[in-house]
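Participant: Attaching a single structure in structure tokens format; questions to follow.
The values are calculated or read from the model by the stated rules, or taken from the named source; none is laboratory data. Everything numeric in this text was worked out from a predicted model, so none of it was measured. Here Cβ is always computed from backbone atoms with ideal geometry, including for glycine, and neighbour counts include all displayed protein chains. We work out accessible area using only protein heavy atoms, side chains counted, and drop any ligands, DNA or RNA first. Shrake-Rupley method; radii C 1.70, N 1.55, O 1.52, S 1.80 Å.
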Amino acid sequence: MNNADHGRTDPGLDKDDSAADPKADPMSVAFAEARAAAARGEVPVGAAIVRDGRVVARAGNRPRELRDPSAHAEMLAIRRACEALDDERLSGCDLYVTLEPCTMCAGAISFARIRRVYYAAHDPKGGAVDNGVRFFDQPTCHHAPEVYGGIRESEAAELLKAFFEERR
């Protein structure tokens, strides 16, 4: 299956029900997606994309289920938002995610021209925004969004810790 199809036609993806409560708190939506990912045996990371105060896309991690290392919550949410808005650019959109984005996701965020990124837990090992390569600070970065980290950090850290403790 073509990676570009993920987030649109994959039978493994739940129908996006953001419209059910478009004014929902976006970080709470991201946490709901993270919990759903954990229930599927995926690392509990969730994301929501908002434009004009309305959630337009949401997703949780699915790399194991889809057998696709690029099926991170942020990537799937970006794909869904692009489809929902009929545009490859997400100017004016904000991304809420439960874990600091990795390098791959930071690249997609930049290319999609997302306005702001709000994330919960810092990721010293795999994060690429405030840790690691600090992608948005690089001179080769095409677009750097505003970034706000540490929102509900302890809640996200506990979710991740509990998930990995169950697997040891």
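Participant: Is there a residue being open to solvent by 30 Å² or more (accessible area, probe 1.4 Å), over 22 Å from Ala156 (Cβ atoms), not in a loop (DSSP other than H, G, I, E, B) and not basic (Lys, Arg) anywhere in region 43-61?
Facilitator: No, the conditions are met nowhere in region 43-61.
Participant: Working carefully through the options Ala84, Ala37, find the one that is open to solvent by less than 50 Å² (accessible area, probe 1.4 Å) and either modelled with pLDDT under 95 or outside any loop (DSSP other than H, G, I, E, B) (or both).
Facilitator: Ala37
Participant: Let me ask something else. Within region 150-161, take every residue that is without any contact (Cβ under 8 Å) to a residue 60 or more places away in the chain and of a type outside the set (D, E, K, R) and give me the one that is surrounded by the fewest Cβ atoms within 10 Å (Cβ to Cβ).
Facilitator: Ser154
Participant: Here are some residues: Val133, Val117, Val97, Val147. Which one is open to solvent by 10 Å² or more (accessible area, probe 1.4 Å) and part of a strand (DSSP E or B)?
Facilitator: After applying the criteria, what remains is Val147.
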